[in-house]
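The values are calculated or read from the model by the stated rules, or taken from the named source; none is laboratory data. Quick caveat, the model's predicted, so the values are computed rather than measured. Reconstructed Cβ throughout: ideal geometry from the backbone, glycine too, with neighbour counts over all protein chains shown. Only protein heavy atoms, including side chains, enter the accessible area calculation; ligands, DNA and RNA are left aside. Shrake-Rupley method; radii C 1.70, N 1.55, O 1.52, S 1.80 Å.
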Amino acid sequence: ARVDNNGFNPVFNKGDGHAMQFHIQDRENAILRISVLDEDLGQDDFIGQFCVPVTCIRNGYRHVPLFDANNGPVSLAGVLCYFQQSPIS
């Protein structure tokens with residue numbers, strides 16, 4: 001998802017409430033990676049990331065901490081996410 005020029009209070013996909021949806025075929029082997037980049041005119045700067053097995057994600061609002069390229073915590077950085085998993089019908 002893209003955030004246009006709003007680094008302090010980003011809203012993804014214009015705040016429509018459906019930022020991203022995935023259809024996962026193999027939940028036991030799926031990993032969700034959330035990465036945060038600072039988009040510049042030249043190269044985008046990596047800020048942080050978080051990886052989690054899909055089977056460990058619980059529904060609801062979650063604070064997602066960010067980690068740097070060496071897997072160290074990024075001080076005072078995180079993303080508030082809302083997760084909702086539903087079975088495929």
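Take each peptide in 57-67, 23-33, count the other Cβ atoms within 10 Å of every residue, and average; sorted highest first, the result is 57-67, 23-33.
Sorting Phe46, Phe22 on solvent-accessible area from highest to lowest, probe radius 1.4 Å, gives Phe22, Phe46.
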